[in-house]
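Below: one structure, written as structure tokens.
The values are calculated or read from the model by the stated rules, or taken from the named source; none is laboratory data. What you are looking at is a predicted structure, and each value in this text was computed from that prediction instead of being measured. Every residue, glycine as well, gets a Cβ built from its backbone with ideal geometry; the counts of neighbours run over all protein chains shown. Keep in mind that these areas ignore ligands, DNA and RNA; they rest on the heavy atoms of the full protein, side chains included. Shrake-Rupley method; radii C 1.70, N 1.55, O 1.52, S 1.80 Å.
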Amino acid sequence: IEKQNRARTLLQHKPELATSHTILVIDNSGSMLAKKNDVHLYRDSQNAAFSMTALEFIAEQLLSQTAVNSDLVSLVKFNSEPTVEFSREPMGWTVYNQILTHRNTERFVDRQTAPYMDEICGHSNFLPALAKVGELLKLGYHEECALSIFFFSDGRSSDHKTQG
């Protein structure tokens, strides 16, 4: 953790040292909590998105040593509004654990009503989340920094309900 903290501090003071910045954007709306047949081995799409991102994106690179602590990761969760859960964190096991803590832990009974509430309230707005991504991409940007965005959703945008 100390190595991670030193890297974070250095990159905050010298953003030109960042080699990459990946922004993970994960839908946190009620429809992502419905059990779907297309997400095998996971209880819902949200848990699949967070688990697979942690395993296949973070852990895979750390174990194969293809990522270094100058590779940065940000996490944006969204429903009706986006929230930045962490920004420009150096790639490491701390990020892996941070991502896993965002998996839904509500009881099954509570999760059953989430998709219906989502349908009524329309809480899966892509546009504000993408605007937040735009803001994050500008932080510490320089030409040598590779940028990437991973956007996870079940595809049920409700922007049309709020945008008119």
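Quick look at the numbers
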quantity: Heavy atoms of TYR96 accessible to a 1.4 Å probe, total area in Å² rounded to 10; calculated: 40
quantity: Accessible area of region 46-96 divided out per residue, in Å², using a probe of 1.4 angstrom; calculated: 39
quantity: With every protein chain in place, region 3-97: carbon and sulfur % of accessible area (1.4 Å); calculated: 53
quantity: Solvent-accessible area of LEU130 with every protein chain in place, 1.4 Å probe, in Å² to the nearest 10; calculated: 80
quantity: For PHE86, residues with placed amide H under 5 Å, excluding near neighbours; calculated: LEU75
quantity: Förster radius 25 Å - calculated FRET efficiency between SER20 and THR101 (Cβ-Cβ, nearest 0.05); calculated: 0.60
quantity: Theoretical gain in end-to-end length, SER51 to TYR141 [0.36 nm per residue, Cα-Cα removed]; calculated: 29.6 nm
quantity: J(HN,Hα) series, region 49-59, from Karplus relation 6.51 cos²θ - 1.76 cosθ + 1.60, nearest Hz, glycine and proline x; calculated: 4, 5, 5, 5, 5, 4, 6, 7, 9, 7, 4
